[in-house]
Each structure stands twice: as C-alpha cells, then as structure tokens.
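The values are calculated or read from the model by the stated rules, or taken from the named source; none is laboratory data. Note that the coordinates shown come from a computational prediction; the quantities given were computed from them, not determined experimentally. Neighbour counts run over all protein chains shown; Cβ positions are idealised from the backbone, glycine included.
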Amino acid sequence: MNIDRLENRLREYAQLMRLHRPIGIYLLLWPTLWALWLAGNGQPPRGAVLVFVLGVALMRSAGCVMNDIADRDFDPHVARTRDRPLAAGRVGLGEAVGLAVTLCLLAFALVLTQNALTVKLSFIGLALALSYPFMKRFHHFPQFHLGAAFGWGIPMAYAAVTDTLPPTAWLLFLGNMIWSAVYDTQYAMVDREDDRKIGVKSTAILFSERDKRIIGYLQLLLLGLLAVVGLLTGRGWIYYLGLFVAAWFALYQQYLIRDREPAECFKAFLNNNGFGLVIFCGLLLDFLPGTPD
C-alpha cells in the first residue's frame, strides 16, 4: 500500500470514528471525570485518570464505528448521515468491523491495568455499547440506553478508585442517563422527519409536541440529582455555583429549541459540552485545598 492510499484510509477511519467531531468524547468524558473526582475525594490516582481518559476516547470511537455498522442501511437515506464513510461505500463492512474490534481490544487492554471489579464491570459496558445501536429499531427510548452506555464509566471509575460501588455512584449514573436523554433528544430533533420516514424510533418522535416541556423536566431532575450528590458527598458552595451556572446553560438550550429548528436543536446539543464542563470545574475548584465549605 503506497503512502497516499494509506493516508486516505486513515482519513476515512478517522471520519468513521468521528475524530473530526469530538463532542461525543466530551459528553462521555465529563461524567467520568465527575465520578473520578468524587470517588477520589478530589485526588483520584493519576494512573486511573489517564486510563479512563484514553478509554473514553477509544470507546466513543468504537461506539461510532459500531453505530455506523448497525445503521449502514439507514444512513444513506438521512441527509445528515449519507456521506459517512460506510454509508457512502468508501469503507467496507469488513474494514469497519476490524476497526471496531481493534478499538475495543485497546480499551480492554487499558482496563486490565485496573482492579478485578473494574475488569468485571467492563464486560457490562461492552454489552451496553454493542447493543445500543440496535435499540432504535425496538423501542422509543434509545436515548436512555445511550445514557447507560455513556454512563457506565461512572461505576467503573468508582470501582477503580475505591473498589466499591456506593449509592452515590448509582445516583450519578442515573443522573447521566437523564442528561443523555436530554442531549440526545435534542440531537434526535434534528433528524426527526427523516427518522419518521425510515421507521427509526426515538424520544424526539415519542415526545412529539411535548418535547421541549419534557426536556425541561428532565433538566430539572438532573440538576436536582446532582444537588443530592453534592449533599451526600459534603460538597461546598463552589460546587453548587457550578450547578447554578449549568442551570443557565439548560435555560439557553430551551431558548435554542423553542422553534424546533434543526440547526438550533443541534446547537443545543453541542451546548451540553459547556453544561458538563462547568459542573466539572465547580467540582474541581471545590476540592482545592483551603476552599471554604
């Protein structure tokens, strides 16, 4: 294989992994970092942080490839996805499967550096990641399944740092499922008409005209759960300031989706990166030595 062909294949693989659109990595990363910092009482082991950051990037990339494999017959019929490498025929099915397997094996190699509980939990995480792309065929709640897949790094982080799974881990996991339902419903609002035509199910279709109101209720529930997590873990005012700023991000998202314009709904989806970031910044600053409670 000559250099030009190799570069072309690598570009196609990078696009298949969505490396040009890292928003998914961020949305998977923030709750994982929340869990690491809470589990480590503000000082998670550096090795664990490195493993989980790399694991997030690898598993999100693998998830994108697996999603395109599952949707290879749907994507050519959706305006936003018809130019994806697999849908457009620029990458073969065998290549895509090989890439997904390689990424999963690399992620598993990282997990093997952690304790036995974390390794055991990783198999559940893999099952969630493998099954998620097919859920939109069977029910209208694939967004919550995505939340379970994206949030499984939370119990894994607690397991890696504390070798236990306390109630706080599951509250944070539940919060992430709700958050994923929020941003992935906003994302599904972009494709709602195309999805109706091809028979794909989503919360955006199920919620219909109640979508904005239900998203608002879910945002309130999420912020409430995060406040409870703060109370249970003894967090101080800076953490709650982060939640207050996050609430303004949620209000701005409501403004963006007010007319259900696809471009604005996509902006609302992207805005969730800021939502997750300010919560982590509040958590990070709250744990700094000398910070008053």
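Among residues belonging to region 244-267 that are farther than 22 Å from GLU193 by Cβ and touching a residue at least 12 places away in the same chain (Cβ under 8 Å), point out the one that is surrounded by the fewest Cβ atoms within 10 Å (Cβ to Cβ).
Per the stated criteria, the residue is TYR252.
From the list LEU270, LEU241, LEU218, exactly one residue is hydrophobic (A, V, I, L, M, F, W, C), in contact with a helix residue (DSSP H, G or I) (Cβ under 8 Å, 6 or more places away or on another chain), modelled with pLDDT of 95 or more and surrounded by fewer than 16 Cβ atoms within 10 Å (Cβ to Cβ). Which is it?
On the way: LEU270 fails: surrounded by fewer than 16 Cβ atoms within 10 Å (Cβ to Cβ); LEU218 fails: surrounded by fewer than 16 Cβ atoms within 10 Å (Cβ to Cβ).
LEU241 is the lone residue from the list that is hydrophobic (A, V, I, L, M, F, W, C), in contact with a helix residue (DSSP H, G or I) (Cβ under 8 Å, 6 or more places away or on another chain), modelled with pLDDT of 95 or more and surrounded by fewer than 16 Cβ atoms within 10 Å (Cβ to Cβ).
Tell me yes or no: at least one residue of region 107-125 is under 14 Å from the mean Cα position of the chain (by Cα) and not hydroxyl-bearing (Ser, Thr, Tyr). Give the derivation first.
Kept after step one, since they are under 14 Å from the mean Cα position of the chain (by Cα), are these residues of region 107-125: 125.
Filter once more, keeping what is not hydroxyl-bearing (Ser, Thr, Tyr): 125.
There is at least one residue in region 107-125 that is under 14 Å from the mean Cα position of the chain (by Cα) and not hydroxyl-bearing (Ser, Thr, Tyr).
Assess whether ALA127 counts as being part of a helix (DSSP H, G or I), more than 25 Å from TRP37 (Cβ to Cβ) and touching an Asp or Glu at 6+ places or on another chain (Cβ under 8 Å). Working first, answer last.
Details: part of a helix (DSSP H, G or I): yes; more than 25 Å from TRP37 (Cβ to Cβ): yes; touching an Asp or Glu at 6+ places or on another chain (Cβ under 8 Å): no.
Against the criterion (part of a helix (DSSP H, G or I), more than 25 Å from TRP37 (Cβ to Cβ) and touching an Asp or Glu at 6+ places or on another chain (Cβ under 8 Å)), ALA127 does not qualify.
With the requirement that a residue be surrounded by 13 or more Cβ atoms within 10 Å (Cβ to Cβ) and either in contact with a His (Cβ under 8 Å, 6 or more places away or on another chain) or under 16 Å from PRO133 (Cβ atoms) (or both), what does region 86-105 give you?
Passing the criteria: LEU86, ALA87, ALA96, VAL97, LEU99, ALA100, VAL101, LEU103, CYS104.
Limited to region 39-52, what total is found for residues that are more than 24 Å from HIS145 (Cβ to Cβ) and part of a helix (DSSP H, G or I)?
As a first pass, look at region 39-52 and keep what is more than 24 Å from HIS145 (Cβ to Cβ): 39-51.
Going one step further and asking which of them are part of a helix (DSSP H, G or I), we end up with 39, 46-51.
Selection size over region 39-52: 7.
Regarding region 157-164, can at least one residue be identified that is farther than 30 Å from VAL78 by Cβ and among the charged types (D, E, K, R)?
Taking region 157-164 and keeping what is farther than 30 Å from VAL78 by Cβ, we get 157-164.
With among the charged types (D, E, K, R) added as a condition, the list becomes 163.
Scanning region 157-164, I find at least one residue that is farther than 30 Å from VAL78 by Cβ and among the charged types (D, E, K, R), so the answer is yes.
Could you run through region 68-106 and say how many residues are part of a helix (DSSP H, G or I), in contact (Cβ under 8 Å) with a residue 40 or more places away in the chain and among the hydrophobic types (A, V, I, L, M, F, W, C)?
Counting residues in region 68-106 that are part of a helix (DSSP H, G or I), in contact (Cβ under 8 Å) with a residue 40 or more places away in the chain and among the hydrophobic types (A, V, I, L, M, F, W, C) gives 7.
Please verify whether TYR183 is in a helix (DSSP H, G or I) and over 26 Å from VAL78 (Cα atoms), treating the condition exactly as stated.
Details: in a helix (DSSP H, G or I): yes; over 26 Å from VAL78 (Cα atoms): no.
Against the criterion (in a helix (DSSP H, G or I) and over 26 Å from VAL78 (Cα atoms)), TYR183 does not qualify.
Tell me which residues, restricted to region 188-202, are surrounded by fewer than 22 Cβ atoms within 10 Å (Cβ to Cβ) and either in contact with a Gly (Cβ under 7 Å, 6 or more places away or on another chain) or in a helix (DSSP H, G or I) (or both).
Once the filter is applied, which keeps residues that are surrounded by fewer than 22 Cβ atoms within 10 Å (Cβ to Cβ) and either in contact with a Gly (Cβ under 7 Å, 6 or more places away or on another chain) or in a helix (DSSP H, G or I) (or both), region 188-202 yields ARG192, GLU193, ASP194, ASP195, ARG196, LYS197, ILE198.
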